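Written out below as structure tokens is the structure these notes cover.
Quick note: the coordinates plus some simple rules give every number you see, no bench work behind them. Note that the structure is a prediction, hence the values are computed from the model and not measured. All Cβ positions, even for glycine, are placed from backbone atoms using ideal geometry, and neighbour counts span all protein chains on display.
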Amino acid sequence: MKRTSLSLLLAVALTLQLTAVVSIVFSGCTTSPETESSVVVSAVQSVPESQPESSEVSIEESKPEYDIDDIDELETKYFVKKLPEKLQKCFAVLYGCAKDHNDKVTFPECVTDDELLTLMFLLNYDCPELIHVSGDYHPEYSGKKQTPIEGVGLFFTMDENKQKEANEQLDEYIETMRTHTKDMSEPEIEKYVYDSIFYGCTYNEGHEYAGSVYGALICGQARCEGLCKSFMWCMRKLGIECMCVSGPQNWNSNAMYSDHSWDIVRINGEYYHLDLTLDDVRTSDEIKTEPNYGFYNVDDDTILQNHSINTVFSEIGVPKCDSTDYNYHVMNNLLIRKGENLRQRLNEILGQHFRESGIDPVSIKCEDENDYITLGSESNIWIREFLAEYSTADFKINTYTTELSRTLLIQAEMK
């Protein structure tokens, strides 16, 4: 009887020991007996007020092995390459699961809320090829909220068949672009990509794929996130360094998302900010309106007047942008500098773009805010007086002002 009891006790003890080992291997960190909490958050600009309900996500017991070197085109991912070793290992697993449509990720080491936010931001903004991954995610805490995070649940916007079809369309798109740009310089490639996306895509926050490369380049519908990721994806594919950044915006209170996204691109060795979204002054019934290039290759001083970079990017390290050599308005002599005669400079620019049929679309940028205000209020009168000196025809004049970039887009055509 005593021998039987001892055997039973040893068996129970061995079972408990094995259970503890399985628990440690499964969680990847010290677990807590407290009830696990769940919440869906987002790395897409900002979370809309209403978020669709999601099912509970559980951590799977077996996790595949992924390595940082397995990440596609790692050499192009500016921010991922700068992560510390721990987060690189976690990101490798996150990326691998996302690529494989595995919605349940277990990290090799536990992470904090801030670290998870960094990982999810980079999955969304530094990996534009993952067109099927939503910006939403579901943290898996080892205990209550604010305790270590052992994994994350992902959400997808496409199944594998749809993603395959979409990637085939994108492959055709970029091959066509490679053909057109094969003999171009970096500045020429940049302008070609910028114009291709501008004319091929309409701003639409609510489109199903609005935040992805697929939405912008194939569907022709995107919000700022999709636009900047598309520009970055094309530039990288064409061999030019480019990255997306984002941060709070305060100029559109009606926007679905409170954050805004734009690009930083390296042209001939110098970094520049480029905001394709804010250069678009089109409305739904004016599809022929040109871009105003107001934020085309601007420096830090210019962009930070009304843009803020999220700490996720600034803490990793954002390249300094202090050149204006390839700024659109500087290169094309369309910048009115502070202290210059405003009307005289306007007439000089209009003279360069005047044709018998009118004035070719031209974007003029003011270095000084007061000059911009004056030009905006007087431009129609001054343009009509300019045209009267060269023609007796009646012209239709369209002007579009963009306060954020202090640009004036002018078009005039014969009625």
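In nm, what is the difference between 0.36 nm times the number of residues separating Ser391 and Lys81 and their Cα-Cα distance? Walk me through the numbers before you get to the answer.
Working: separation 310, 0.36 × 310 = 111.60 nm, distance 5.89 nm.
Gain in length upon complete extension: 105.7 nm.
Would you kindly state how much longer the chain becomes between Arg282 and Met414 on full extension, computed as 0.36 nm times their sequence separation minus their alpha carbon distance, in nm to one decimal?
On the way: separation 132, 0.36 × 132 = 47.52 nm, distance 2.08 nm.
The span from Arg282 to Met414 would gain 45.4 nm if fully extended.
Taking 7 Å along the Cα-to-C-beta vector as the label spot, tell me the Met256-Asp100 distance in nanometres, rounded to one decimal.
That separation, rounded to one decimal, is 3.2 nm.
Of all trypsin sites (Lys or Arg not before Pro) in the stretch 143-193, which ones are in loop regions per DSSP and have a Cβ with at most 15 other Cβ atoms within 10 Å? It would help to have the intermediate numbers written out before the result.
Working: sites: Lys144, Lys145, Lys162, Lys164, Arg178, Lys182, Lys191; in loops: Lys144, Lys145, Lys182.
Sites meeting the loop and neighbour criteria: Lys144, Lys145, Lys182.
Work through the residues other than Asn161 whose Cβ is under 15 Å from its Cβ and net out their charges, Lys, Arg +1 and Asp, Glu -1. Show your work: numbers first, answer last.
On the way: positive: Lys162, Lys164; negative: Asp100, Asp159, Glu160, Glu165, Glu168.
Neighbour charge sum, excluding Asn161 itself: -3.
For the pair Glu65 and Glu348, how long in nm is the line joining their label points, each one 7 Å along Cα→Cβ?
So the two model labels end up 6.7 nm from each other.
Based on the Cβ-Cβ distance from Ile373 to Tyr199, what FRET efficiency comes out when R0 is 30 Å, to the nearest 0.05?
Once rounded, the FRET efficiency stands at 0.50.
For the residue pair Asn398 and Asp360, what label-to-label distance in nm results when each label sits 7 Å from Cα along the Cα-to-beta-carbon direction?
1.8 nm
Going through the stretch 154-222, which GluC sites (Glu not before Pro) have at most 14 other Cβ atoms within 10 Å and a DSSP loop state? Numbers along the way, then the final one.
Details: sites: Glu160, Glu165, Glu168, Glu172, Glu175, Glu188, Glu190, Glu205, Glu208; in loops: Glu205, Glu208.
Of the GluC sites (Glu not before Pro), the ones in loops of the stretch 154-222 whose Cβ has at most 14 other Cβ atoms within 10 Å are Glu208.
With respect to the cross-link table entries Lys104/Lys182; Lys89/Lys191; Lys82/Lys182; Lys182/Lys338, which display a Cα-Cα separation exceeding 32 Å? Could the numbers behind the result be given before it?
On the way: Lys104/Lys182 41 Å; Lys89/Lys191 37 Å; Lys82/Lys182 30 Å; Lys182/Lys338 39 Å.
Going by Cα-Cα distance, Lys104/Lys182; Lys89/Lys191; Lys182/Lys338 fall outside the 32 Å limit.
Classify the stretch 277-338 as rounded, prolate or oblate, taking a ≥ b ≥ c as the square roots of the eigenvalues of its Cα gyration tensor: rounded when a/c is under 1.5, otherwise prolate if a/b is larger than b/c and oblate if not. Can you show the working numbers first?
Numbers: a/c = 2.76, a/b = 1.38, b/c = 2.00.
It is oblate, given that a/c is not under 1.5 and a/b is not larger than b/c.
Taking the alpha-carbon centroid of each part, what is the distance from the stretch 304-381 to the stretch 77-117 in angstrom?
41 Å
Averaging over every viewing direction, what projected area does the convex hull of the Cα atoms of the stretch 330-371 cover, in nm²?
Details: hull surface 12.2 nm².
Mean projected area of the Cα convex hull: 3.0 nm².
If r is the Cβ-Cβ distance from Asn341 to Ser314 and R0 is 60 Å, what FRET efficiency results, to the nearest 0.05?
With R0 = 60 Å, the Cβ-Cβ based efficiency is 0.90.
With a ≥ b ≥ c the root eigenvalues of the C-alpha gyration tensor of the stretch 291-415, is it rounded (a/c under 1.5), prolate (a/b larger than b/c) or oblate? Please list the in-between numbers first.
On the way: a/c = 2.58, a/b = 2.46, b/c = 1.05.
Here the stretch 291-415 falls in the prolate category.
Going highest first, how would you order 347-355, 377-385, 76-84 by mean Cβ packing within 10 Å?
Details: 347-355: 16.0, 377-385: 13.7, 76-84: 18.3.
In descending order of packing, they fall as 76-84, 347-355, 377-385.
Given a Förster distance of 41 angstrom, what is the FRET efficiency for Thr112 paired with Glu188, based on the Cβ-Cβ distance and rounded to 0.05? Walk me through the intermediate numbers first.
Values: r = 45 Å, r/R0 = 1.09.
Once rounded, the FRET efficiency stands at 0.40.
Take the alpha carbon gyration tensor of the stretch 76-146, find the square roots of its eigenvalues, order them as a ≥ b ≥ c, and report rounded if a/c is under 1.5; if not, report prolate when a/b exceeds b/c, else oblate. Could the numbers behind the result be given before it?
On the way: a/c = 1.69, a/b = 1.25, b/c = 1.35.
Note, shape of the stretch 76-146 comes out oblate.
May I ask for the net charge around Arg178, where only other residues with Cβ less than 14 Å from the Cβ of Arg178 are counted and Lys, Arg are +1 while Asp, Glu are -1?
On the way: positive: Lys182, Arg236, Lys237; negative: Asp171, Glu172, Glu175, Asp183, Glu188.
For residues surrounding Arg178, the net value is -2.
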